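Single-structure report; data block below.
The values are calculated or read from the model by the stated rules, or taken from the named source; none is laboratory data. Everything numeric here is computed off the predicted structure, so don't read it as measured data. Cβ sites come from the backbone with ideal geometry, for glycine too, and all protein chains shown count toward neighbours.
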Ligand code: PEP
Ligand code: MG
């Protein structure tokens, strides 16, 4: 809700990309922009003792902070996540590091900040060059801890998103998956980032968490200070610093209107998602964690169309075991039963990395060693996951889906791994759904072009438009500078999607869409017209999509597609779809209006 606020400064307005709907006001917290500038000073002989005293104080304070964070994480997320901080605490006890800093203070009369920064940087660099992966990882621990010690020496408060003291709007250059996965929802009113686009993991996570977000704000994190009062508009992609009374009033009115529409959608919750001429379009929800399931059910989704399993692997020191994974998948399967749950196998890489896994830096991570390519090499990790999913399959309506399949050869290799996992479970006498459905994501142009071949060897398709668009149009999906070129209605995409849906239906299998294009309500006429059987999106969009589907006839949607295939530009095609959406469900279009 919009709060009244006394305005004492001039309003400043920053435009980004609306990444997760909602409007929120609050204090800004600028996260991550806390480089400590260290200068060299020569200290006098009589100050050596007090300089060493400052060092000891900073180490002590850092220890207390780390232990406090560790305690909270163990309470919130369990022992495993808390263990991350054991290595950090060990750095504070490292005698060679501490002795060398003290020696430099005593013998070379260096100020403690300078001595500590130099020694820790030397350590960091030498560990980074070592072959051993474990030691290289310690380098990151040293860097983290050293930064914290330096901040404490300078008397700056320590920044950590897990330990925010008051509710605020977080503003950062970027947020890593581990940042977003551990955000305290009670403290983070909304977030915004300098980089990113609607399909970057940060935006997807914000929608899953139902937190208003704006991405692609360019260099705003350098122009805005912590503590400013702001209004964040996750629909239109605006960040207002010191919003004027008029802005607050206008947004208050808008918020009221949107709330009324949202309440009116609640009555559709238990009604089927079907067109006026009775064509059923399943509405799935995309989830990242088992804790998202209540939100899926509240919004009346027909199932989970995409369970992104990466977040089970993020924010921990090691890989989750088969049992740990099983518990997560089983929880979702049981709570959703009898509704279907499509569990996607690990899609690491791109903009989702694990800190504990040694993966060499790549020039083009989205074109690199990611998703199924990674799993088909690290079959140890893949087998654990496949067994865990299979075991959960007897508790509900579980289906498996592989990400980033490029062609039939890869699909067969993935299926061979699945057969091996089945065989292992049979040998162990563990039951699973022998008839489990196995689908394949279509998100690489080569898969789209060979959809007819893939359709013969899989039970369903789910189109990952986030990737399919970036690869087809050669537009990096997370680069805000070229976000205007990321065009879901480009004729190439429309033809590709139509081709995929047709190939699936010719082979008698269903085709869905689980990329963000499915969650853009203005696209529903096109996607329904092409014949997609399921649209899967963030849970909060499901009621709006349902309203739209229930307001159109399949015949109207078919006509939109028929005309779209004759048009030459993305703009023309988008307008066609938007026009139908506006005429059949104007209220919903107001909700999503930018
Ligand atoms: C996609 O690419 O559209 C998709 C759903 O997968 P992700 O966003 O996780 O890459
Ligand atoms: Mg993808």
Tell me, please, whether a residue that is within 16 Å of ligand 2 (Cβ to nearest atom), on the phi < 0 side of the Ramachandran plot and in contact with a helix residue (DSSP H, G or I) (Cβ under 6 Å, 6 or more places away or on another chain) can be found in segment 331-343.
yes
Over 21 Å from the mean Cα position of the chain (by Cα), within 13 Å of ligand 1 (Cβ to nearest atom), over 27 Å from residue 210 (Cα atoms) and buried (at least 24 other Cβ atoms within 10 Å of the Cβ): which single residue out of 500, 493 fits that description?
500
Helices (runs of 4 or more DSSP H) contained in segment 1-115 and holding at least 2 residues under 26 Å from residue 202 (Cα atoms) and modelled with pLDDT under 70
48-77, 79-82
Quick count over segment 503-521, residues being part of a loop (DSSP other than H, G, I, E, B), crowded, with 21+ Cβ neighbours inside 10 Å and out of contact with any helix residue (DSSP H, G or I) (no Cβ under 6 Å at 6 or more places or on another chain), is 2
Just to be sure, is residue 189 modelled with pLDDT under 90, under 23 Å from the mean Cα position of the chain (by Cα) and surrounded by fewer than 24 Cβ atoms within 10 Å (Cβ to Cβ)?
no
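The rows are residues; the columns are (1) over 29 Å from residue 400 (Cα atoms); (2) within 16 Å of ligand 2 (Cβ to nearest atom); (3) surrounded by 14 or more Cβ atoms within 10 Å (Cβ to Cβ).
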| position | (1), (2), (3) |
| --- | --- |
| 225 | yes, no, no |
| 239 | yes, no, yes |
| 248 | yes, no, yes |
| 260 | yes, no, no |
| 283 | no, no, yes |
| 292 | no, no, yes |
| 300 | no, no, yes |
Would you mind telling me which numbered condition in (1) within 30 Å of residue 529 (Cα to Cα); (2) over 25 Å from the mean Cα position of the chain (by Cα); (3) in contact (Cβ under 8 Å) with a residue 24 or more places away in the chain residue 278 fails?
(3)
If you go through segment 314-330 one residue at a time, do you hit one that is more than 16 Å from ligand 2 (Cβ to nearest atom), buried (at least 20 other Cβ atoms within 10 Å of the Cβ) and under 21 Å from residue 269 (Cβ atoms)?
no
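Is it the case, given these coordinates, that residue 140 is within 16 Å of ligand 1 (Cβ to nearest atom), modelled with pLDDT under 90 and within 24 Å of the chain's Cα centre (by Cα)? Give the derivation first.
Details: within 16 Å of ligand 1 (Cβ to nearest atom): no; modelled with pLDDT under 90: yes; within 24 Å of the chain's Cα centre (by Cα): yes.
The answer is no for residue 140.
Determine whether segment 177-188 contains at least one residue that is within 16 Å of ligand 1 (Cβ to nearest atom), closer than 21 Å to residue 479 by Cα and not assigned by TED's automatic domain parsing to the domain that holds residue 518. Write out each step before concluding.
Filtering segment 177-188 for residues within 16 Å of ligand 1 (Cβ to nearest atom) gives 177, 180-181.
Subsequent filtering for residues that are closer than 21 Å to residue 479 by Cα retains 177, 180.
After this cut, where a residue has to be not assigned by TED's automatic domain parsing to the domain that holds residue 518 as well, the list is 177, 180.
Checked segment 177-188: at least one residue is within 16 Å of ligand 1 (Cβ to nearest atom), closer than 21 Å to residue 479 by Cα and not assigned by TED's automatic domain parsing to the domain that holds residue 518.
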Could you check residue 567 against (1) part of a helix (DSSP H, G or I); (2) more than 27 Å from residue 205 (Cβ to Cβ); (3) at pLDDT 95 or above and say which number it fails?
(1)
Could you give every pair whose Cβ atoms fall below 7 Å, whose first residue belongs to segment 390-410 and is farther than 17 Å from residue 510 by Cβ, and whose second residue is assigned to a strand (DSSP E or B), counting only separations of at least 6 or pairs across chains?
392/398; 396/341; 403/344; 403/441; 404/441
If you take the residues in segment 360-395 that are in contact with a strand residue (DSSP E or B) (Cβ under 7 Å, 6 or more places away or on another chain) and on the phi < 0 side of the Ramachandran plot, which one is modelled with the lowest pLDDT?
365
So the check is Cβ under 8 Å with 6+ separation or different chains; which pairs have a first residue in segment 543-569 that's without any contact (Cβ under 8 Å) to a residue 60 or more places away in the chain and a second one that's not in a helix (DSSP H, G or I)?
548/585
Just checking, does segment 499-508 include any residue being within 24 Å of residue 341 (Cβ to Cβ) and within 16 Å of ligand 2 (Cβ to nearest atom)?
yes
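Would you say residue 582 is away from ligand 2 (no atom under 16 Å from the Cβ), out of contact with any strand residue (DSSP E or B) (no Cβ under 7 Å at 6 or more places or on another chain) and under 18 Å from residue 443 (Cα atoms)?
Details: away from ligand 2 (no atom under 16 Å from the Cβ): yes; out of contact with any strand residue (DSSP E or B) (no Cβ under 7 Å at 6 or more places or on another chain): yes; under 18 Å from residue 443 (Cα atoms): no.
When the stated conditions are applied, residue 582 does not pass them.
Yes or no, residue by residue, for (1) surrounded by fewer than 16 Cβ atoms within 10 Å (Cβ to Cβ); (2) part of a helix (DSSP H, G or I); (3) at pLDDT below 70:
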{"residue": "118", "(1), (2), (3)": "no, yes, no"}
{"residue": "125", "(1), (2), (3)": "yes, yes, no"}
{"residue": "134", "(1), (2), (3)": "yes, yes, yes"}
{"residue": "146", "(1), (2), (3)": "no, yes, no"}
{"residue": "152", "(1), (2), (3)": "no, yes, no"}
{"residue": "157", "(1), (2), (3)": "yes, no, yes"}
Across segment 464-487, what is the total count of residues that are outside any helix (DSSP H, G or I), in contact (Cβ under 8 Å) with a residue 60 or more places away in the chain and within 15 Å of ligand 2 (Cβ to nearest atom)?
5
